[in-house]
Amino acid sequence: MEVDPSVYLPIAADIAFGLKDALAKSAVVVPHPLQGEWKGLFEPFQDAAGVRSYAAFMKAAQCVSIDVGDDQVEITPQRNLGPKEGFEPIADAAVLFPVEDELGAASALLQFLS
């Protein structure tokens with residue numbers, strides 16, 4: 001069943017705002033955690049998802065990567081390989097948008113994650 005894209009417009013607008021904000025803040029470099037800092041690092045994500053383990057989280061997890069370069073936003077869906085392997089990009093499904101088109105990028109995110 002196909003859904004009219006205008007149904008997603010209010011949601012896409014909220015996502016577009018969040019995307020613009022996240023991209024503006026993405027220039028901050030976060031150091032890689034030290035070996036002793038890994039324990040419990042993922043627990044907030046598990047709690048937010050309402051699951052008890054990383055394996056349970058990964059069972060239904062979806063992921064997309066968002067990269068900005070040369071005034072374009074590239075959105076690439078990722079294939080879930082499970083808790084031991086993580087995700088791998090599906091490069092031939094990537095889409096490009098002008099960096100100013102947050103609404104288009106947000107709509108693509110909704111389509112990849114539905």
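May I ask you to derive the relative contact order of the chain, considering only C-alpha pairs under 8 Å and at least 6 residues apart, and to give it as an integer percent?
For the chain, the relative contact order is 26 percent.
Just to confirm, what accessible area per residue do you get for the chain at 1.4 Å probe, in whole Å²?
Normalised by residue count, the accessible surface of the chain is 75 Å².
Carbon-plus-sulfur fraction of the accessible area of the chain, 1.4 Å probe, in percent? Don't jump to the answer; show the numbers that get you there.
Working: 5010 of 8560 Å².
With neighbouring chains kept in place, the figure for the chain is 59 percent.
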Quiz item: Could you give me the ³J(HN,Hα) list for the range 45-60, computed from phi with Karplus coefficients 6.51, -1.76, 1.60 and θ = phi - 60°, whole Hz, x at Gly and Pro?
Solution: 5, 4, 4, 5, 7, x, 10, 9, 9, 5, 4, 5, 4, 5, 3, 10
Quiz prompt | Residue-wise HN-Hα coupling along the range 12-22, computed from phi with Karplus coefficients 6.51, -1.76, 1.60 (Hz; x: Gly, Pro) | solution = 4, 5, 5, 5, 4, 4, x, 5, 4, 5, 5
Practice problem: Find how many whole Å separate the alpha carbon centroid of the range 60-114 from the alpha carbon centroid of the range 22-49. | Solution: 19 Å
Practice problem: Would you grab the residues whose amide H sits under 5 Å from the one on V73? Only those 5+ places off in sequence or on another chain, please, with H modelled 1.01 Å from N. | Solution: F97, V99
Quiz item: Using 7 Å Cα-to-Cβ label points, what is the D67/Q46 separation (nm, one decimal)?
Solution: 3.1 nm
Quiz item: Which net charge results for the neighbourhood of S53, defined as the other residues with beta-carbon distances under 15 angstrom from its beta-carbon, given Lys and Arg at +1 and Asp and Glu at -1?
Solution: +2
Exercise. May I ask you to derive the FRET efficiency for I11 and L34 from their Cβ-Cβ distance with R0 = 35 Å, giving the value to the nearest 0.05?
Key: 0.35
Self-check item: Within-12-Å neighbourhood charge of K20 [Cβ basis; K, R +1; D, E -1]
Solution: -4
Practice problem: Would you tally the net charge around V95, using a Cβ to Cβ cut-off of less than 12 Å, leaving V95 out, and scoring K and R as +1, D and E as -1? | Solution: -4
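The values are calculated or read from the model by the stated rules, or taken from the named source; none is laboratory data. Since the model is a prediction, treat every value here as computed from it, not as a measurement. Ideal geometry is used to build each Cβ from the backbone, glycine not excepted, and the neighbour counts take in all protein chains shown. The area values use the complete protein model at the heavy-atom level, side chains included, leaving out ligands, DNA and RNA. Shrake-Rupley method; radii C 1.70, N 1.55, O 1.52, S 1.80 Å.
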